[in-house]
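Please read the structure below before turning to the comments.
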Amino acid sequence: MTFKELSLGYEAMKTKLLLIFFLCFFTINIVDASEILQLTNDTESIGFPQWSPDGDKIIYTSSDLETITSGDWVVDFWMMDADGSNKTQLASGDTILGLGFNNPLSPDGTQFLFISNTTGNHELWIMNVNGSNKKQLTHGAHLENNLLGLTGRWGISWSPDSSQIVYVSASSENRNVWESVEINSKKEPIFNISKVSKDYDIWIVDHDGSNNLKLTTSGKDNIGATWRPDGGKIAFVSNESGNGGIWVMNKDGSDKTQLVDGSAYNIDWSPDGTKIVYAKVDHENYTSNIWVMDADGSNKKPLTNNSEYFVSQSYSDWSPDGSKIVFNSGSIGEYEIWIMNSDGTDQIRIGEGLMLQWSPKGDKIVSTAIKGDILAISVIVLDEELVSRPASTLASVPESPPEKTPGFSVVIAVLMLAMTFSLERKKRI
C-alpha cells in the first residue's frame, strides 16, 4: 500500500469520525434531557399539580375513579414536598369536585378555590388550606364545564394579590350528554359533550364573595380569562368580532381591546407583563402553533412552525425569569414536553406529560403523566443549561416536535461537515 493510499484511508476514517460526531451533535436537540422523578404511585388517579408560591411544595388532587357519578369527579386536596415526601391530605369531602386545570391555591398560599354541587348547582367555593371555613362565593353560576380539563378554554383565575377571582360561567343545554371512556373494563362518563351556548361570560368576585359582577355582556362567547401579573388588566378569548381572538380589558370590564383576530387560546402573560404567549389554530391542517406578542398586540411572531396534520404545540408556561417557555407538542393523545428560549430558539425535548408548570425557583417542572388508566405526578429536574432564575418574590405557604427544521447549532454542524467533505474532495483531485 502506497503512502498516498494510506493517507487517503486515514482521511476517509477521519471524515467518518467527524460524521459520527456531527450526527451525535444533531441528536442533542431531540432526546430527553434532565432527570424525571415520579412522585406519586399508581394506585389512584392523581393530577392537576400546582407549585406553592415558594416552590418548596406541590398541591395536587387525588381521586378514586369509582367516585365518578353523573360526570362529577370527587377529589381530595393534598400537599407534598417537591421531592414527593411528606404527603399530607389538606381537604376532602363528597361535594368537593376540584377546579379542573385551574390553579386552586391563592398566590399568597392561604386559601383554595373549588367547585361544589352541594346546592344542586355547580358553584364556586373557597376554604382555608387546612380545609376549614368553607364558603360559597357564587349563587346561580354554571361552572361544570371548568371540570372538563380544557385548560385555557374556560378559566378560573386568582388576581395576583389574592383579593379577587375571575371565572367563566356557562350553562349546558343538556348536562347529561357525556362521552364515556373504558376504565378497567367498565365504561365511565368522563367528558361532558353537551352543546354549550348560553351565558358564556366572564365574571369577577371578591375573595369573600362580595361584589360579584359580570364583566362581559355582549352575548358572545367570552372565556379563558387570565390576569396580567400586576393585576391591572385581564386577557381573555372572545368571538365578539365573529372570528374568535384574544382581547384585553380593565378589571372592571372597561376598555375592551382586541389584540388577535382569529382562533387562539392558552393565553399566558410573561412574568413582567410585557408579552403574551398563546396558541394559534390552523383550521386547514387541524394544528396549532405557539405565538408571542407584545402586551399591546404588536410584534406578533410564531415561536413554533408546525404544519403536520393533527399535531399541536400548545399549553405553554413561562419560566420565572421570562427567558424560556415550556410547552406540549404532539398529535392527538401525545404529550411531549419541550423547552425553548422565549424567542423560539433552541427547542429541546425533555420528556412526556401534561399540565405543565414551572417551579417558582426555576429549577424544576411539574407535570402529570398518563400511566395506563390513571394519572401520576412527575417532576423534571432540569439540567443546568435549562434552569431559569427564580421568581423575583417567593412567598411561603402557611402551615416540533416543534418544527422539523434543524436549530442554529445543527445548521452550523451541517455546514462544517459540508466544508470537510469539500476539502477532502479537493485533496483527492
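The values are calculated or read from the model by the stated rules, or taken from the named source; none is laboratory data. Computed from a predicted model, the values in this text were never measured in an experiment. Using ideal geometry, Cβ is built from the backbone for each residue, glycine included, and neighbour counts are taken over all protein chains shown. Areas reflect the complete protein model, heavy atoms only, side chains present, ligands, DNA and RNA absent. Shrake-Rupley method; radii C 1.70, N 1.55, O 1.52, S 1.80 Å.
A compact table of results
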| item | result |
| --- | --- |
| Separation of the LYS87 and THR217 label points, Cα + 7 Å toward Cβ, nm | 4.9 nm |
| Dimensions (Å) - segment 253-398, Cα atoms, principal axes, largest first | 38, 37, 32 |
| Computed log₁₀ I(q)/I(0) - Debye formula, equal Cα scatterers, no solvent, segment 307-377, q 0.19, 0.20, 0.29 Å⁻¹ | -0.75, -0.82, -1.38 |
| Net charge of neighbours whose Cβ lies under 12 Å from the Cβ of GLY253, counting Lys and Arg as +1 and Asp and Glu as -1 | +1 |
| LEU303, LEU375, ranked by accessible area, largest first (probe 1.4 Å) | LEU375, LEU303 |
| Violating pairs (Cα-Cα greater than 32 angstrom) within the set LYS135/LYS220; LYS87/LYS251; LYS135/LYS251; LYS251/LYS300; LYS256/LYS301 | LYS87/LYS251 |
| Cα-based shape type of segment 213-301, given that a ≥ b ≥ c are square roots of the gyration tensor eigenvalues and the cut on a/c is 1.5 | oblate |
| Spacing of the two label points (7 Å from each Cα toward its C-beta) at HIS139 and GLN258, in nm | 3.8 nm |
| Mean Cβ neighbour count within 10 Å, used as a protection proxy, ranking 324-330, 208-214 highest first | 324-330, 208-214 |
| Net charge over other residues, Cβ less than 13 angstrom from the Cβ of ILE325 (K, R count +1; D, E count -1) | -2 |
